[in-house]
1. For the peptides 146-152, 77-83, what is the packing order when you average, over each peptide's residues, the other Cβ atoms within 10 Å and list the highest mean first?
2. Pull out a ≥ b ≥ c, the square roots of the eigenvalues of the alpha-carbon gyration tensor of the stretch 88-148, then state rounded if a/c is under 1.5, prolate if not and a/b is larger than b/c, and oblate in the remaining case.
3. So, R0 is 22 Å and r is the distance between the beta-carbons of S13 and F83; what FRET efficiency does that work out to, to 0.05?
4. Report, in deg cm²/dmol and to the nearest 500, the calculated mean residue ellipticity at 222 nm for the chain, where each DSSP H run with n ≥ 4 adds -39500 (n - 2.57) and the sum is divided by the residue count.
5. Counting alpha carbon pairs within less than 8 Å and at least 6 residues apart, what relative contact order, in whole percent, applies to the stretch 3-183?
6. To make sure I understand the rule: partners must be lysines, Cα under 24 Å from the Cα of K127, and not fewer than 8 residues away in the same chain. Which ones qualify?
7. Report, in debye and to the nearest 20, how large the dipole of the chain comes out about its Cα centre when Lys and Arg carry +1 and Asp and Glu carry -1 on their Cβ.
8. What helices in the chain pass both tests, a Cα length along the helix axis of 30 Å or more and a mean Kyte hydropathy of -0.5 or higher, using whole DSSP H runs?
Amino acid sequence: MSVIEAITNFDFSVLYWIQENLRSEFLDAVCRFLSISFEGGIFWFVVAAALLIFRKTRTAGVMVIVSMGIVLLMGEFGLKNIFCRVRPCNIDTDVLLAIHRPSSYSFPSGHTGSSFAAAGAIFAYNKKLGIPALCVALLVGLSRMYLFVHYPTDVLAGMVLGLTVAFLVAFVFRKCDLDRRIQSIGRRQSA
C-alpha cells in the first residue's frame, strides 16, 4: 500500500465514522449554517470590517484581510490546482449531503484555511479575542468533514496554511512597525 492510499484510507475511515456516529438533523442544520456563513470568508470579512472601525483594533482588521488574501491565492488558486484532489462526496456519491455538492477540488480546505488565517491573525494581535476566533475556526474545519466535502487531511492542511500565513503576516507587521502606522490613519495631523 502506498502512502497516498494509506492517507486516503485513514481519511475515509474518519469520515465514515462521523457519518455513522454523529449525523443528526440538528448537526446538519448547524454545519449547513457554518458552510453558508463562512463561504468565501464572508463572516471573517464582517469581523475585519468591525475591527477596522476602531483605532485600537484596526491593525488586527488589516492583518485578517491580508492573511485571508494570501491564503486564498495560495490555497484556492495554487495548491488546489496543483494537487487536484477529488472531494470525498464526489468519490462516494451514496452519502447524502446536507449542502450542494461543491465543484472545486478538495485539498486544502478553503473554508478552514481562511478561517484559521483570520483567527490566527486576530490571535497574534490580541489573545483574548483570538481564542474564541480559533474555536470558531475549529468548528468550521470540523463542519467540512461532517458535511463530507473535505477529508481530515484537507482540513489539517487548511489549518496549517491559515495559521502559518497569519503568524508570518503578524511577524512582518511587527518587524515593519505597521501597527503604529495603521493606527495613525485617520488621525488629524497637527498644523
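We did not get these values from a lab; they are worked out from the coordinates using the rules stated. None of these values were measured; they are calculated from a predicted model. Cβ atoms come from the backbone with ideal geometry, glycine included; neighbour counts cover every protein chain shown.
1. Details: 146-152: 25.0, 77-83: 14.1.
Descending packing order for the listed peptides: 146-152, 77-83.
2. Working: a/c = 4.33, a/b = 2.60, b/c = 1.67.
Verdict is prolate for the stretch 88-148.
3. Details: r = 21 Å, r/R0 = 0.94.
Efficiency for this residue pair is about 0.60.
4. Details: 10 runs with 132 residues, N = 191.
Calculated from helices alone, the mean residue ellipticity at 222 nm is -22000 deg cm²/dmol.
5. On the way: 270 pairs, mean separation 51.9, N = 181.
Over the stretch 3-183, the number comes to 29 percent.
6. Once the sequence-local lysines are set aside, what remains near K127 is K56, K175.
7. Numbers: 18 positive and 12 negative charges, 284 e Å.
Magnitude of the dipole: close to 1360 debye.
8. Those that clear 30 Å and a mean of -0.5 are 152-175.
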